[in-house]
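Asker: Dropping the structure in here first, questions after.
All of the numbers you see were taken from the coordinates with simple rules; none came from a lab. Everything quoted here is computed from the prediction, not taken from an experiment. No Cβ is skipped: glycine too gets one built from the backbone with ideal geometry, and neighbour counts run over all protein chains shown.
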Amino acid sequence: MDNHLDHMPVLSRGRHRNPKRGACFMELASYLAGERWSDHPACTHPLLAALARLVNDNTGDESRAKLVHLVPSIIGLASDDLRVDAHIALRCATTALPVAAAERQLALAVSVLAAEEMLARLDGAPPGRLSERSRRAMEEVPHAAEQARRFSRAARITEKGFRRYAAPNAVQLAVVGIVQACIPDPDALLRTLLEETIAECDALIRTEQPTSAPATPASV
């Protein structure tokens with residue numbers, strides 16, 4: 001696959017009219033998937049694709065080349081399950097929350113709680129639960145976490161509102177928070193975030209896809 005990718009369009013920021021002008025992450029995915037040239041291909045979950053576009057556009061030119069090997073792994077990760085949106089939003093928010101500037105921490109903490117609430121609702125679990133990853137991230141920013149809990153108690157998001165607004169906002173806030181964070185290598189953290197989110201989506205989506213039933217032995 002790596003040899004094949006050597007002949008692909010070079011990754012660069014933004015949208016491109018055709019492969020001769022370069023490609024963003026998702027345009028290259030559409031090309032490899034055999035779809036019409038687009039940065040919104042059907043082969044990938046829309047929110048995961050949004051994360052890939054944001055990481056592509058906010059990564060430096062030298063570091064962007066390291067994203068190429070991830071492109072094939074995002075193809076085929078499509079699902080209508082709202083749990084996938086919630087896991088993507090949660091992964092992004094918990095990654096960015098500990099490193100983001102103080103002025104972004106409240107919004108990210110609210111995003112963590114919203115994603116956890118949505119997962120609990122979808123799973124039929126009691127509200128207020130936190131995964132270990134979320135608990136650790138919230139402990140890093142106790143003041144923002146407390147403010148977020150007070151805000152979240154007064155608001156209840158619908159499933160439609162979560163998919164259309166809260167989850168995409170969490171992804172965008174997380175990427176911007178990482179880009180502007182005072183850390184040695186934001187590009188490396190963005191790449192790790194994309195890698196881990198793809199792996200999590202792969203586990204979720206492949207699990208929900210039905211497997212072929214074993215063949216019934218012929219009667220004699």
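Asker: What's the longest bit of the chain with no exposed trypsin sites (Lys or Arg not before Pro), using DSSP loop states and at most 12 other Cβ atoms within 10 Å as the test?
Answerer: Counting only loop sites that pass the neighbour cut-off, the longest clear stretch is 37-155.
Asker: Taking the Cα centre of region 82-206 as origin, work out the dipole magnitude from +1 charges on Lys and Arg Cβ and -1 charges on Asp and Glu Cβ, in debye rounded to 20.
Answerer: Computed about the Cα centre, the dipole is about 560 debye.
Asker: Now for a separate question. What 222 nm value per residue comes from the helices of the chain, counting each DSSP H run with n ≥ 4 as -39,500 (n - 2.57) and dividing by all residues, nearest 500 deg cm²/dmol?
Answerer: That comes out to -17500 deg cm²/dmol.
Asker: What is the local net charge at T158, summed over the other residues whose Cβ is closer than 11 Å to its Cβ (Lys, Arg +1; Asp, Glu -1)?
Answerer: +4
Asker: May I ask you to list, by number, the DSSP H helices of the chain whose Cα span along the axis is at least 30 Å and whose average Kyte-Doolittle hydropathy reaches -0.5 or more?
Answerer: Qualifying helices, which must be both long enough and hydrophobic enough, are 102-123, 186-208.
Asker: Give me the dipole magnitude in Debye, nearest 20, for region 19-74 about the Cα centre, with unit charges on the beta carbon: positive for Lys and Arg, negative for Asp and Glu.
Answerer: Value, rounded to 20: 100 debye.
Asker: OK, next. Rounded if a/c is under 1.5, else prolate if a/b beats b/c, else oblate: with a ≥ b ≥ c from the C-alpha gyration tensor eigenvalues square-rooted, which is the chain?
Answerer: Because a/c hits 1.5 or more and a/b fails to exceed b/c, the chain counts as oblate.
Asker: Ok, one more. Using amide H atoms built 1.01 Å from N in the peptide plane, name the residues 5+ places from A78, or on other chains, whose amide H lies under 5 Å from its own.
Answerer: It is H45, by chain and number.
Asker: Please compute the net charge surrounding Q172, taking Lys and Arg as +1 and Asp and Glu as -1 over other residues with Cβ under 12 Å from its Cβ.
Answerer: Net charge in that neighbourhood comes out at +1.
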